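The values are calculated or read from the model by the stated rules, or taken from the named source; none is laboratory data. Quantities reported herein were computed from a predicted structural model and do not represent experimental measurements. Cβ placement follows ideal geometry from the backbone for every residue including glycine, while neighbour counts extend to all protein chains displayed.
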Amino acid sequence: MEHKCDCACCREHLAILQETKGTELFPGAWFFDLPAASAASVAAEGELMVYACRRGSLRFCMEPGQSQSLHAGELAVWKTGGFLSGTIEPDESFAGFCLRFDLKKLTEQPPESLLGADVTAERLYDLYCAQETMTRISPDDALRGILDFFYGQSAKTALPWRRLGAQALLLWLGQRGQETQDAPDDSSEQVRIVHEVHAFLTQNLNTRVTIEELSHQYLMNPTTLKQVFKSVYGASLAAHMKEHRMARAAQLLRETDESVAEIARAVGYESQSKFTAAFKEYFGVLPKEYRKNH
């Protein structure tokens, strides 16, 4: 029996179902307005997928017992088929979008903006599809500007803005890949030290340590420390550690009865108000709301 209810919930559900078909931006590129996460199921094996999390979080389940989560402001770049069917799980506050790129079509009919840019489909495949792991990206200022192309546009102008945003994102991803190729050798002394710094910081989330203090402790120039850390972990030291602090805070909210003030101190915030503001910016909800929903 066909369901013909015209309530707001059903209209929203119908809109989500329609969005799973995607909107073609240009040959080889489709846009999906999430939380219609099932959009990935329509893609072919080996195509490039880019997930953007505007608020909340999105969990990807891969091999049995393994998962990764995408949080507010982050991107996940991967090939299709990298996760199990039906195991992309948004939380209740999640909002974002997905871009699907058919690299073969992009090679045959590249957008004019990519011509001569040395951002080829082959390069993008090697950078993001050849590997078996997801690439998670914390945005810099340039990427945040690109993501703004996808948000807050009127219905009349949304499509052209998204077309521009998708092409700019491809250029940014290719450029990021070129920078990654210049990263120091994993066996270098500097990388070894950065791994030690990372271990120290993640094991002491309740403690705030400045770049200068780390520089003195590990005998590395502050500028070099920041540069090598970003090349190894793909994000600035501050952004990367905020991710760890927020992930730990979310875990404590889910698994303990500790107060918000206690959790704030446990992840390095002396002020509960600053922690609450940072948590809401990251997850899109207040800590108490997050605990209630989980």
Inset, instruction - Looking only at the stretch 242-256, decide whether some residue is in a loop (DSSP other than H, G, I, E, B) and at pLDDT 90 or above. - result: yes
Inset, instruction - Those residues that are part of a strand (DSSP E or B) and farther than 13 Å from Gln167 by Cβ, I need them from the stretch 96-151; list them, please. - result: Gly96, Phe97, Cys98, Arg100, Thr135, Arg136, Ile137
Legend entry - Filter result for the condition that a residue is within 25 Å of the chain's Cα centre (by Cα) and either closer than 27 Å to Ala261 by Cβ or modelled with pLDDT of 90 or more (or both), over Leu214, Leu201: Leu201
Inset, instruction - Assess whether Leu205 counts as being under 23 Å from Ala72 (Cβ atoms), surrounded by 14 or more Cβ atoms within 10 Å (Cβ to Cβ) and of a type in the set (A, V, I, L, M, F, W, C). - result: yes
Inset, instruction - Examine the stretch 39-61 for a residue that is touching a Cys at 6+ places or on another chain (Cβ under 9 Å), within 20 Å of Gly165 (Cα to Cα), at pLDDT below 85 and not in a loop (DSSP other than H, G, I, E, B), and state whether such a residue exists. - result: yes
Inset, instruction - Output the number of residues of the stretch 261-277 satisfying the condition of being surrounded by 19 or more Cβ atoms within 10 Å (Cβ to Cβ) and out of contact with any Gly (no Cβ under 9 Å at 6 or more places or on another chain). - result: 5
Legend entry - Test: residue in the stretch 133-143 that is among the acidic types (Asp, Glu) and under 18 Å from Pro27 (Cα atoms): no
Legend entry - Qualifying positions in the stretch 214-236 - without any contact (Cβ under 8 Å) to a residue 40 or more places away in the chain and either within 12 Å of Leu201 (Cα to Cα) or surrounded by 15 or more Cβ atoms within 10 Å (Cβ to Cβ) (or both): Leu214, Ser215, Met220, Leu225, Lys226, Gln227, Phe229, Lys230, Tyr233
Legend entry - Considering residues of the stretch 245-258 that are surrounded by 15 or more Cβ atoms within 10 Å (Cβ to Cβ) and in contact with a His (Cβ under 9 Å, 6 or more places away or on another chain) only, the residue nearest to Lys288 (Cα to Cα): Leu253
Inset, instruction - For the stretch 223-243, indicate whether the set of residues that are more than 17 Å from Leu75 (Cβ to Cβ) and of a type in the set (Gly, Ala, Ser) is non-empty. - result: yes
